[in-house]
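*Asks:* The structure that follows is given in the form of structure tokens.
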Amino acid sequence: MSGWPLICPAAGVPSHFTGDAGGWGATVRLTKPVKGYPHAGPDDANLSNAAAFDGLLGVPGAKLRQKIYLQACDDPKVGLKKGLPTTLPAGWVPFAAQGGTLTISAKPPVSFTPNGDQAFLAFVTALEAQLGDGYELSLWQEEDQSQFGFTPATYAAYAGHYTSLFLTAASSAKLVLNLALTAPSDGSSEQTVVATIQACAKVPWSKLLLDYYCTSWRRGGRIENALAAADALNLPVGIGETGAAASNMPFDRSAWESFCDYLADLFRARRAAGRDNAQIMYWMGSAASGSGANWLLTDDEKLPGVLRLARVATGAS
């Protein structure tokens, strides 16, 4: 139930902003068995696992929004056919058909070639035909952590090139800027994120999603300046991934509660001021280092914090 009054944008907030809550989501990506989840395997957007996650929280999310991670076409083991598939993986179409939206990270070639451009356009055409409105696309999610060495300027050129191709087949409403934000000493610091947002000012993104974990917060990473940079471009802002850990730092319940309060307070204040939020998506996987700390299980001590974020994301009181 919504507990929010009619929202009037604050001074300096564009009149088309309405204080949108953005919505809740969760990526449940399990490559090995986890208790309480019926499926372990390589296929993404598994609806059985999504239903298990949503049932645990009692809040729809994982069946509504999940992230998909495609491999880099420039990896010799991947190439264009696997990195930009036109026959979509098995779970994608059923997920979109039941009303869900996939945030797909594609990583087309860093060097522009006719073959690469053709493969990317064929991929987008397949997304349009098979998923319809059930997807949005980010170009190299977490580019600031890429092994291919993007700078804000080179990433802006990369995004601009593939955006021009994307717009020949699809709407800019489906384009997402998705950056990692970690500690001040890292390559994906808030300073780098702000510089990337500003460098990409001419790319018609529909929103900014930050991949931001409690471990980054514990190491001093904060997101207020990134939010301000996005606000300057009238971009709704959300969280593309969050959880207890994106590293092997041990879980700390007190830090987790403080982190969830920090995010909840920021996004609640944005909405109260009339700014539009984008979705907040929890990340539960079993592939990356530290990811076991992000599993959400029955009676899990992370549940109260996750529920607070879900309520903020859905506009519940």
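*Asks:* Using only Cα atoms, figure out Rg for segment 41-87 and give it as a multiple of 2.2 N^0.38 Å.
*Replies:* Ratio of Cα Rg to 2.2 N^0.38 Å: 1.52.
*Asks:* Between segment 20-64 and segment 177-207, how far is it from one alpha carbon centroid to the other, in angstrom?
*Replies:* 27 Å
*Asks:* Suppose every Lys and Arg Cβ carries +1 and every Asp and Glu Cβ carries -1, with no other charges. What dipole size does segment 68-164 come out with about its Cα centre, to the nearest 20 debye?
*Replies:* Dipole magnitude for segment 68-164 comes out near 300 debye.
*Asks:* Sort out the exposed loop trypsin sites (Lys or Arg not before Pro) in the chain (DSSP loop, at most 12 other Cβ within 10 Å) and tell me the longest stretch that has none.
*Replies:* In the chain, the maximal stretch lacking such sites is 78-201.
*Asks:* Classify segment 210-317: rounded, prolate or oblate, from the alpha-carbon gyration tensor (a ≥ b ≥ c, eigenvalue square roots; a/c under 1.5 rounded; otherwise prolate if a/b is larger than b/c)?
*Replies:* Judged from the Cα gyration tensor, segment 210-317 comes out prolate (a/c at least 1.5, a/b above b/c).
*Asks:* Extending each Cα 7 Å along its Cβ direction at residue 234 and residue 161, get the distance between those two points in nm, one decimal.
*Replies:* 2.9 nm
*Asks:* Tell me the mean residue ellipticity at 222 nm calculated for the chain from its helices only (DSSP H runs of n ≥ 4, each -39500 (n - 2.57), averaged over every residue, nearest 500).
*Replies:* Calculated at 222 nm, the ellipticity per residue is -10500 deg cm²/dmol.
*Asks:* While we're here: Once amide H atoms are placed 1.01 Å from N in the peptide plane, what residues at a sequence separation of 5 or more from residue 138, or on another chain, have their amide H within under 5 Å of its amide H?
*Replies:* It is 104, 105, 106, 176, by chain and number.
*Asks:* What share of the DSSP beta bridges in the chain is antiparallel, in percent to the nearest 5?
*Replies:* Of those bridges, close to 5 percent are antiparallel.
*Asks:* Taking neighbour counts of Cβ atoms within 10 Å as a proxy for exposure, in what order, fewest first, do 105, 172 appear?
*Replies:* In order of increasing Cβ crowding within 10 Å: 172, 105.
*Asks:* Given H placed on each backbone N at 1.01 Å, which residues far from residue 65 in sequence or on other chains put an amide H within less than 5 Å of it?
*Replies:* Hits under the 5 Å cutoff: 26, 101.
*Asks:* Compute the relative contact order of segment 24-314 as a whole-number percentage, counting only Cα pairs closer than 8 Å that sit 6 or more residues apart in sequence.
*Replies:* Relative contact order of segment 24-314: 17 percent.
*Asks:* Separate question: How big is the Cα convex hull of the chain in projection, averaged over all directions, in nm²?
*Replies:* Taking a quarter of the hull surface, the average projection is 15.3 nm².
*Asks:* If you don't mind, another one. Determine ³J(HN,Hα), in whole Hz, for all residues of segment 297-313 in sequence, where each value follows from phi through the Karplus function 6.51 cos²θ - 1.76 cosθ + 1.60 and θ = phi - 60°; x replaces Gly and Pro.
*Replies:* Each residue of segment 297-313 in turn: 10, 4, 6, 5, 6, 7, 4, x, x, 4, 5, 4, 5, 4, 5, 5, 5 Hz.
*Asks:* Below 22 Å Cα-Cα, how many Lys pairs turn up in segment 24-314? Only count pairs eight or more apart in sequence, or on different chains, if you could.
*Replies:* Counting lysine pairs in segment 24-314 gives 24.
*Asks:* Points 7 angstrom from Cα along the Cβ direction at residue 51 and residue 251: gap in nanometres?
*Replies:* Going by the 7 Å Cα→Cβ label model, 2.6 nm.
A short reminder: the numbers here are calculations on the coordinates, not readings from a lab. Keep in mind that this is a model prediction, so the values were computed, not measured. All Cβ positions, even for glycine, are placed from backbone atoms using ideal geometry, and neighbour counts span all protein chains on display.
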